[in-house]
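Accompanying notes for the structure given below.
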Amino acid sequence: GENVEQHPSTLSVQEGDSAVIKCTYSDSASNYFPWYKQELGKGPQLIIDIRSNVGEKKDQRIAVTLNKTAKHFSLHITETQPEDSAVYFCAANAGGTSYGKLTFGQGTILTVHP
Amino acid sequence: SAVISQKPSRDICQRGTSLTIQCQVDSQVTMMFWYRQQPGQSLTLIATANQGSEATYESGFVIDKFPISRPNLTFSTLTVSNMSPEDSSIYLCSVGGQLTKNIQYFGAGTRLSVL
């Protein structure tokens, strides 16, 4: 089955710096890659996603890049703010299925220091 | 997007008892999923709740321990049976399918502690 590896497990940055989180996946049939942000006591919230027919997607301070050949994708957050502090999870759909079954990475605890 | 209501939000239970968690969504969705998130860990899929048929369980999860119902396209329940302290986790409901463009949305979760 699909396996998703996520690095780093913790990331500490100063406010205003950029943060990058990387994930690799194993199933070449996967074609949908969402990123979720989970704040303490809450469920995961989708912040950005990318499908395999594009290489990059941007939404204000957040961007995701995808390299299908290398089977890795990355989350980029620019101009970080303290409210960006949370746990971030990457995911990939298993077997390229269109119905949304996801395999998650291990998570990255991002801390943004004021 | 879909709005998901999950109940209860948290509970403390005695070992050997069972707890049923409810998930209600504000629109008809094709797919409903149940995940477990152990303390400080990632999300692990327990099962896919199928409307009108038995749930599809992932490796390591069985129907006797985690029976699931899905009576219609907006509602599902997950029961955690014969609980032990190892079942202490966050249980999350999510929804997806064509109407959400296959984007998966999550409820706030049920935080379960078993004593």
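Every number in this text was worked out from the coordinates using simple rules, so none of it is lab data. Quick caveat, the model's predicted, so the values are computed rather than measured. We place every Cβ from the backbone using ideal geometry, glycine too, and count neighbours over all the protein chains shown.
The table for this structure:
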item	result
Rounded to 5, percent antiparallel among DSSP beta bridges of chain A	90 percent
Net dipole in debye of the protein assembly as shown [+1 Lys, Arg Cβ; -1 Asp, Glu Cβ; about Cα centre; nearest 20]	300 debye
Proximal charge balance of B:ASP11 [Cβ under 14 Å; K/R count +1, D/E count -1]	+3
Choice from B:CYS13, B:CYS23, B:CYS93 showing the highest fluctuation, given a GNM over chain B with Cα pairs closer than 10 Å	B:CYS13
Reciprocal mean inverse distance between Cα atoms of chain A - Kirkwood radius, Å	14.1 Å
Segment B:55-83 residues near the modelled B:GLN22 label - backbone nitrogen below 12 Å, point 7 Å along Cα→Cβ	B:75-78
Computed over segment B:7-115: relative contact order in percent, which uses C-alpha pairs under 8 Å that are six or more apart	37 percent
Rounded FRET efficiency, nearest 0.05, which uses the C-beta distance separating A:THR69 from B:ILE12 and R0 of 35 Å	0.10
B:SER113-B:VAL3 FRET efficiency (beta carbon distance; Förster radius 35 Å; 0.05 resolution)	0.85
Neighbourhood net charge (13 Å Cβ-Cβ; Lys/Arg +1, Asp/Glu -1) for B:LEU112	+2
Relative intensity, log₁₀ I(q)/I(0), of the protein assembly as shown from a Debye sum that treats every alpha carbon as a point, q = 0.14 Å⁻¹	-0.88
Modelled FRET efficiency - R0 22 Å, B:SER84 with A:GLN106, Cβ distances, 0.05 increments	0.35
Cross-link partners of B:LYS7 among aspartates and glutamates (Cα-Cα below 15 Å; sequence separation of 8 or more within a chain)	B:ASP26
Leading residue at positive end of dipole, chain B (Cβ point charges), from B:THR79, B:ILE103, B:GLY16	B:ILE103
Nitroxide proxy distance, nm - points 7 Å out along Cα→Cβ at B:THR56 and A:GLU56	3.6 nm
Relative contact order computed over chain A (Cα-Cα under 8 Å; 6+ residues apart), in percent	38 percent
